[in-house]
Structure formats: structure tokens, C-alpha cells
Amino acid sequence: MLSLDAAFLAPNVTPELVAQQTERLALAHATLTNGTGAGSDFLGWLDPAAMADDALLDEIESIATELRARTDVLVSVGIGGSYLGARAVIEALSDSVDRPVLFAGQNLSARYHTELLKSIAGKKVAVNAISKSGTTTEPAVAFRILRALAEPGCIVATTDKNKGALRKVAGGAGWRTLPIEDSIGGRYSVLSPVGLLPIAYAGIDIRELQRGAIACARACAEPDPKKNPVLFYAAARNLLYQQGFLIEALASFEPRLHYVLEWWKQLFGESEGKNHTALYPSSVEFTTDLHSMGQYFQEGRRALIETFLIIEDGEPSLTLPTGDNADELGYLVGQELTTINHAAYQATALAHREGGVPSLTIRLPKLDAYHLGFLLYFFERACGVSGYLLGVNPFDQPGVEAYKLNMFGLLGKPGAKISQEELLAKVGAAGDEAIVRF
Ligand code: PA5
């Protein structure tokens, strides 16, 4: 379903070097599988079939069908793990989408939300407010702005089963709700109601998505790194980090994967970036970025590794037409664009390897719901193993709180832990003289 091409990892990482890690890998794998490590309360995603059983899938599909019948557009309101998974799937599979899903609550920009309001004016709107805690400021603000636009029967709150402000408001207003289990953290929640309702509203087959994830869960149960791609990927990035590489760039040649790259960055960044450690996850979209970042990849500071994400099918067919050869493209007439794009990938991987950037290629046979489900689960599982290899808890995110505490204090939220006065003094501590005016 998915293959790893490790040719350009050598000599930094070879199958022999990975084999030497077998014991550590088996331990990290067992820690995750048996739920004996840090954060083991958050492993509800490990079994995708249990995370959304048949009854829950039926419920999600029936809500999606009813909302599709009653509305023109869904606005999905959430941030971080309550946002990126749905967007990644909907944009990657845009050829299967037959109903628009827009996104709000992932920023606090007045311009963004004003334009969004304009774009849905006069339309029948459904709103899905998604927040596990139910207290996150960005989606709460956006939801307050948006909810008056939808009929109460077209509002769904996806949140904690019992607690949180969103649960409370939803109960009072009589909106429909979908549950987020305690054991599922935001960035591992795309295949739960968090991601599945917006994805189903868009017209994408959520059962196929889940089927792909279940297939990956089976394939990744194997503790031998030679047979388990999750262990191989986790080992490779860990070995490279130990060798002094600091940045992993996930690179794609398919613009539709833009939000898959964003989702991946959150997954690894929020899971591993702790105790002043971990590879910094970044992304590049080629060939576009070859003309902006390509120079740095080839000759900048040698701290980069690259993971190419390649879709193997040659679809859709689009060939270069004949024409005046003044543009010197005669040698490509009749060639498929995907063949030309593939040559660009091969050329890039080779050039970067020769420039000192080791790379791994993840190949996915097709870009459909099944294979995407497989890929998302592959990364989630790899992230769990990789976090344990690194010695961090891959399932918490204590660092995300720091800015929130400051923001609550600055805005004067009742009960804020730091006072507005103290924060304003700190923010202005540098004094007016530090501002350079022109
Ligand atoms: O992965 C995570 O846990 C975070 O990105 C959260 O999903 C994000 O902060 C939003 O939280 P909530 O769903 O509680 O609004």
C-alpha cells in the first residue's frame, strides 16, 4: 500500500544501521502497542475501527446527509488538531468533493473572517464547531460570530462528552453534538468525529478512509523493522537526528497535498518538540519551491533531511501538445505531465543527495480515500514510535499553554493566571525607546 525508498539515505542510514536498532525499535513499538509509555491515556486512535465504530459512522453519515439536504455550505470551526486533519483530507481528495466546506476559527484575523462572512452571505449555512476542550479562544470567537447564520438544526458541536464550555452551550441551545473521547488528542483525531463529519459533508467516503487506516494498523503491527515501514521511518529520522541533522522537510510534488504537509508538521512538531529536542518539521512544495528554496536545499547549511511524498499513479492523463518549437519543448511533445513531474522529483532527490541532503521517499500508489487513510495512520503511528525513541511524551502539548496564559491576561479574562498589569509592564518593558520609527 505504501513503500519506502531508502536508496538516498545511504550512507547515513542503511538497512544494516536500522537493523542495529532492532532492540530499541522493538521496545518503542511495544511501549506504544501495549500502552505502557508516557501519555498512554491518549491511545484511543491506535485502533481506527474502535475509534469510530459502525454505529458512530452511521450517525456521522446520517448527520452529514441531513445537513447536505438542508444547506449549501458547511463552515468547520476549529484549530490545530480540530482543524487540520479535515482540511488535509478534503483538499487532497478535492476531485471527490461535491459540497463546499470552509474553515474558520484557525486564526483571529478580522480580515479573514469578514471575507468568509461575505462569501457565505445569502447561502444556507451549516456550522460544525469542533473543540475538545471547548474553551479554545480562536474557535470560540469564530463560532460566536458564525452561529447566528445557521438554523439551530444545522449546528453540530463536536466536543468532549461531558465537560467544557462548548458542551454546556450546546446543551442549552439544543444543538446536535458528536463526542470526542478522552483518549483521543487533537492531532490524532482526524479519523474520529472531529475530522469525519466535515469530510463526510464534503462527499468523501469516510468508510474507505477508515478502511485504509485499518489496513495500515494491521501492516504496522509487526515488530521487525525490516517488515514494518513505521519502524523503518522512525529509526531513520532518529538516526539522522543523532548524526546532527536538525530539520526534516516533507516534500511533495502535488499541490493538493498542501494541507497534508501542514497536518504532518503539527503532528510531529507538537508531539516531539519537547525538552529542547527533536527534528524541526518543515515542508516544501516542489517544483514551486525549487525556485525559491532550492538554492538553500542544495548549498545552504547542511542540517536538512528530506522526506519525499510521491503519488505513483500517472493520473490524470495530460500530455504536452504540439506547437511551435521556438519554446524548445519539442522533445517533450506527447509526454505525460506526470512523467515530467516525476523526472523533476528524481532529478531533485539526486541533486540534493549529492549536495549532502539525505532523503527517504514515501510512495503512495494512488491519491484516494483508502490510500490517504493508510498514509495518515502511518504518520500517526510513526510519530508515536519516533517520540518514544526520542524519550518524549508524544501525546501532550504543555508548551502550547504559554501564549494562551499571556493572551488571557492581556485581554483581562476573569480568573486569568497572570494579571493584565504585569503583562502590559513586561510587553512594554523594553520601553518606547526600543521602537525604531522611520
Ligand atoms: O493536537 C492538539 O491537541 C491541539 O492542536 C488541539 O487540537 C488544538 O489546540 C485545539 O484544541 P481544542 O480541540 O481543545 O479546541
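Out of the range 371-402, which residues are of a type in the set (D, E, K, R), touching a residue at least 24 places away in the same chain (Cβ under 8 Å) and in a helix (DSSP H, G or I)? Matches in the range 371-402: Glu380, Arg381.
Looking at the range 358-369, can you tell me whether even one residue there is over 26 Å from the mean Cα position of the chain (by Cα) and more than 27 Å from Val89 (Cβ to Cβ)? Taking every residue of the range 358-369 in turn, none turns out to be over 26 Å from the mean Cα position of the chain (by Cα) and more than 27 Å from Val89 (Cβ to Cβ).
Considering every residue within the range 139-156, establish whether at least one is outside any helix (DSSP H, G or I) and within 16 Å of the ligand (Cβ to nearest atom). Yes: one or more hits.
Taking the criterion of being at positive phi, under 25 Å from the mean Cα position of the chain (by Cα) and at pLDDT 95 or above, would at least one residue in the range 9-27 satisfy it? So far as the range 9-27 goes, no, none of its residues is at positive phi, under 25 Å from the mean Cα position of the chain (by Cα) and at pLDDT 95 or above.
Counting only strands (runs of 3 or more DSSP E) that fall entirely inside the range 1-110 and contain at least 2 residues that are within 16 Å of the ligand (Cβ to nearest atom), the qualifying elements are 73-77, 101-104. Checked against (1) without any contact (Cβ under 8 Å) to a residue 24 or more places away in the chain; (2) in a loop (DSSP other than H, G, I, E, B), Ser133 meets all criteria but (1).
What about Ile214, is it surrounded by fewer than 22 Cβ atoms within 10 Å (Cβ to Cβ), assigned to a helix (DSSP H, G or I) and away from the ligand (no atom under 16 Å from the Cβ)? Against the criterion (surrounded by fewer than 22 Cβ atoms within 10 Å (Cβ to Cβ), assigned to a helix (DSSP H, G or I) and away from the ligand (no atom under 16 Å from the Cβ)), Ile214 qualifies.
Residues are listed down the side, and each one gets a yes or a no for (1) in contact (Cβ under 8 Å) with a residue 24 or more places away in the chain; (2) in the same structural domain as Val357 (by TED's automatic domain parsing):
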residue: Val194; (1), (2): yes, no
residue: Lys227; (1), (2): no, yes
residue: Ala234; (1), (2): yes, yes
residue: Leu239; (1), (2): yes, yes
residue: Gly244; (1), (2): yes, yes
residue: Leu261; (1), (2): yes, yes
residue: Pro281; (1), (2): yes, yes
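Do the conditions hold for Asn128, that is, is it more than 11 Å from the ligand (Cβ to nearest atom), surrounded by fewer than 16 Cβ atoms within 10 Å (Cβ to Cβ) and polar (S, T, N, Q)? Considered against the rule, which asks whether it is more than 11 Å from the ligand (Cβ to nearest atom), surrounded by fewer than 16 Cβ atoms within 10 Å (Cβ to Cβ) and polar (S, T, N, Q), Asn128 comes out as no.
Of the residues Phe308, Phe286, Phe378, the single one that is in contact with a Cys (Cβ under 8 Å, 6 or more places away or on another chain), under 26 Å from Pro229 (Cα atoms), surrounded by 14 or more Cβ atoms within 10 Å (Cβ to Cβ) and modelled with pLDDT of 95 or more is Phe378. Just one of the listed residues (Leu389, Leu411) is within 29 Å of Gln21 (Cα to Cα) and either over 15 Å from the mean Cα position of the chain (by Cα) or of a type outside the set (S, T, N, Q) (or both), namely Leu389.
Look at the range 173-191: where a residue is within 13 Å of the ligand (Cβ to nearest atom), no partner that is outside any helix (DSSP H, G or I) and aliphatic (A, V, I, L, M) sits 6+ places away or on another chain with Cβ atoms under 6 Å. The requirement of being assigned to a helix (DSSP H, G or I), modelled with pLDDT under 95 and either surrounded by fewer than 19 Cβ atoms within 10 Å (Cβ to Cβ) or within 16 Å of the ligand (Cβ to nearest atom) (or both) is satisfied by Leu166. Taking the criterion of being surrounded by 12 or more Cβ atoms within 10 Å (Cβ to Cβ) and within 13 Å of the ligand (Cβ to nearest atom), the residues of the range 388-399 that qualify are Asn393, Pro394, Phe395, Asp396, Gln397.
The values are calculated or read from the model by the stated rules, or taken from the named source; none is laboratory data. Quick caveat, the model's predicted, so the values are computed rather than measured. Positions of Cβ are generated from backbone atoms using ideal geometry, with glycine treated the same way; all protein chains shown enter the neighbour counts.
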